[in-house]
Amino acid sequence: MQNQDNPTPDNRAVQDDDEINLMDLVLVLAKHNRFIIKLTASVAVLAVAISLIMPNIYTAKTVILPPQQSSSTASMLMSQLGGLASLAGGAAGIKSPNELHIGMLKSRTVADKMMELRKAGEPGKLMYMRGRYSSTSTELLYGTLPKVWGTGNYFSHSALCAEAEKMGPGLTQGFYGYRDYDLGNTNCLVAWGCDPLSSNRMVPNMMNQFPAIVKRGTVIAVDPRLSNVAAKAHEWLPINPGTDGALAGAIAHVLLTEGLWNREFVGDFKDGKNLFVAGQTVDEAAFVEKETYGLVKWWNLELKGQTAAWGEKETLIPAAQIVRVARAMGKAAPKVVVWMGPGAAMHPRGTYSAMAVHALNGLLGSIDVEGGVWQSPSGPPLAAFPKADAYVDDIAKAGSKGKKLDGRGAKDMPAMMGAKPGSGVVTNNVANGMLKDPGAAKVFISSWSNFNFSCTGADRWDKAMAKVPFFVHMVPNASEMTMFADIVLPSTFNSAEGWSIITNMANGHAYATIQQGAVKRLWDVKQEETEVMWLLAEKLKAKGFPNLFDYYSKEFKDPETGKAPTTALEFSEIAAKMSSAPIWMPKEPLKGDAPIAGWADFKKKGMFSGAKYSLKKGWGGKFATATKKFEFYSETLKKGLLEHAKKY
């Protein structure tokens, strides 16, 4: 019998034939190396391509851990909230993990919470606050939801933005709005409380015009901060914050005592002799004004003692620099732009600072002239949305009459936008109202806002938000305010993802531009003023309140096809088409750019500019003030304050 452990020579030959020779494999691979490399690369490229075109699939997993009964666990849970623990726990009335998880399990939708208010006869306890918004489609949320639903508690961010600044031109020349500036022709630019090189409504235009202004004229920056404009200015005045009115008064004093005011606009003394002498009262009858009112009153009441030396003590700006700057402004007049920004007015008594700063434009005669300060140009025509009156029921009418939480019109809060008591919003006072009456806002909806960061006294907002039972935040990014939200609804980044029509101005032209879905949305985001409103209206109708959805679905029709919207996205686009229809399907030729040939052409071109601004609009007794003049002594403000005083 053959021993297998000791193979014979014949067996060894067979085994040698069966063995795999590594060198043979290497030779085979080397022989076909190009084919193998090409095949591998092709498969890799194909795999990458397939992965890129496949739809994104996400898996979300939520684990609710059974709460423990021990107080130590409750303490641990609340400690995870950090500094918000006392606010969150106290506000929600949650004292243990049990209550926390029960609250989570009982959470409802926005429509559910709103319907609870309506069934309880409390529609007015819905509150809406807007931050940044579209100039047109905001009417479908801010203008429609409170009216049709029935609440008076809806507030804009405007008082944090520019309302006090607008009071300057409003209470002097009757224009409550943003000004335009003739940068191409001005010889003196005064950037007061702003940095238009980095932040204004047309930064590229300012960047384009600025170098020429520096070369041909004088640039003056009034700002505590060394801003971009200040760094390049001929004169930087790092003012003591909050003393803008004092600086404006000191500059006005120099302009008057040195005879540098613009006589074409303001007027002159009857005998031509300058009677403006520091510390001395002037007879009002001695001065004959042209387009202005109350210059001598202003001097006698305020300016006669506000010398450059006095201004230095108040503002910390050297008296010599105040005189030098005033002379430069007077020399360049009337081609002077005093560009006032929020920094000059957004502080206590900011209205009076704004009036004093804007009054310099009046003294220099730069109102509505070449190289000066203009009102907003008349823009391209836009269509108003259909009225919603027919969809406002008796419950909504009653709910809308409730007292507003911002306290406007109260004895200590005249809030006189347009010089009408109680007509302006007091955004930052809403937090005080919420703290005084915690039950006044049971459902709070806000969009594109972060009042817990942007308001002074932000701790008040933290405390107020912690007391709100149900808060919905519609924002493109999370913020301090979002931390208090029960539901977060991610918003579109509207310049590239949402539909709307925006209006603006520059270089003497007003224009309308279209925001459209220029990029594919990466996430599940919705335009807050149109898409979210449509979806919310659908839910409310399903739960017994059809008014809002009926308004959106019945009153809105595509201007081209006449079709009504059937989805949120269709509603958003149709709203944009309706508001801009007078531009791309006008009833008569428009002044301005070349005609737009339909909606598709408007989408392609993106904007339409109106006709050039016409100068001297208010001259000749046409200013929208109580005296029809540019008012250094504001009879317009006086009239409003007297009306307010009669109530108290």
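For segment 118-176, the Cα-based Rg and Dmax, in that order, read 14.8, 48 Å. Report summary: the helix-based calculation at 222 nm, which adds -39500 (n - 2.57) for every DSSP H run with n ≥ 4 and divides by the residues of the chain, gives -11500 deg cm²/dmol. Candidates Tyr133, Trp499, Val282 compared by Cα position along the dipole of the chain: farthest toward the positive end lies Val282, with charges placed on Cβ. In the assembled protein chains, Arg327 presents an accessible area of approximately 120 Å² (probe radius 1.4 Å).
Taken about its Cα centre, segment 473-601 carries a charge dipole of about 220 debye when Lys and Arg each add +1 at the Cβ and Asp and Glu each add -1 at the Cβ.
For Arg408, Arg225, Arg118, Arg34, the ranking by accessible surface with the largest value first comes to Arg34, Arg225, Arg408, Arg118, using a 1.4 Å probe. One chain, two ends: Lys331 and His234. Fully extended at 0.36 nm per residue, the span grows by 33.4 nm beyond their Cα-Cα distance. DSSP finds beta bridges in the chain, and of those with both partners inside it, around 30 percent are antiparallel. A 1.4 Å probe, protein heavy atoms only, puts the accessible area of Trp619 near 30 Å².
If the chain linking Arg34 and Gln280 were pulled fully straight, counting 0.36 nm for each residue of separation and taking away their Cα-Cα distance, it would gain 78.6 nm.
Taking the three principal axes of the alpha carbon atoms in segment 484-571, the coordinate ranges are 51, 39, 24 Å, sorted in descending order.
Residue farthest toward the positive end of the dipole of the chain, with Cβ of Lys/Arg at +1 and Asp/Glu at -1: which of Ser51, Ile487, Gly152? Most positive-ward Cα: Gly152. For Lys647 and Lys557, the difference between the fully extended length at 0.36 nm per residue and the C-alpha to C-alpha distance is 27.8 nm. Our summary gives the chain a relative contact order of 18 percent, counting only alpha carbon pairs under 8 angstrom and 6 or more residues apart. Centre-to-centre separation between the Cα atoms of segment 184-198 and those of segment 439-457: 33 Å. Please give the Cα centre distance for segment 479-509 versus segment 577-642, rounded to the nearest Å. Cα centroid to Cα centroid, the span is 24 Å. Taking a Cβ cut-off of under 9 Å around Val266, the surrounding Lys, Arg, Asp and Glu residues balance to a net charge of -2, with basic ones at +1 and acidic ones at -1. Two tests apply to each whole DSSP H helix in the chain, Cα reach of 27 Å or more along its axis and mean Kyte-Doolittle hydropathy of at least -0.5, and the ones passing both are 33-53. Think of the chain as having a plus end and a minus end, set by charges on the Cβ of Lys, Arg, Asp and Glu; of Ser378, Ala415, Gly598, Ala415 sits farthest toward the positive end of this dipole. The value obtained for segment 402-464, namely the Cα convex hull volume divided by the number of residues, is 109 Å³ per residue. When all protein chains stay in place and ligands, DNA and RNA are ignored, the 1.4 Å accessible-area order of Met481, Met202, largest first, is Met202, Met481. Backbone phi angles across segment 422-432, fed through the Karplus curve with coefficients 6.51, -1.76 and 1.60 (θ = phi - 60°), yield HN-Hα couplings of x, 8, x, 7, 10, 3, 5, 7, 4, 4, 5 Hz in residue order; Gly and Pro are listed as x.
Take the Cβ atoms of Asp393 and Lys616, set R0 to 45 Å, and the FRET efficiency comes out at 0.35.
The alpha-carbon atoms of segment 483-642, seen along their principal axes, cover 57, 46, 32 angstrom, with the largest extent given first. Once the convex hull of all Cα atoms in the chain is built, its volume per residue stands at 311 Å³.
As a fraction of the 1.4 Å probe accessible area of the chain, surface on carbon and sulfur atoms comes out at 57 percent. Using the 1.4 Å probe convention, the accessible area of the chain works out to 50 Å² per residue with neighbouring protein chains retained.
Note on Lys304: accessible area is roughly 60 Å² with a 1.4 Å probe, heavy atoms of protein only. What number comes out for the charge environment of Gly508, summing +1 per Lys or Arg and -1 per Asp or Glu over other residues with Cβ under 15 Å away? Neighbour charge sum, excluding Gly508 itself: +2. Dipole check for the chain: with +1 at the C-beta of Lys and Arg, -1 at the C-beta of Asp and Glu, and the Cα centre as origin, the magnitude is about 2160 Debye.
The values are calculated or read from the model by the stated rules, or taken from the named source; none is laboratory data. Small disclaimer: the values here were computed from a predicted structure and weren't measured. Note that we place each Cβ from the backbone using ideal geometry, even for glycine, and neighbour counts take in every protein chain shown. Please note that ligands, DNA and RNA were not included when accessible areas were found on the heavy atoms of the full protein model with its side chains. Shrake-Rupley method; radii C 1.70, N 1.55, O 1.52, S 1.80 Å.
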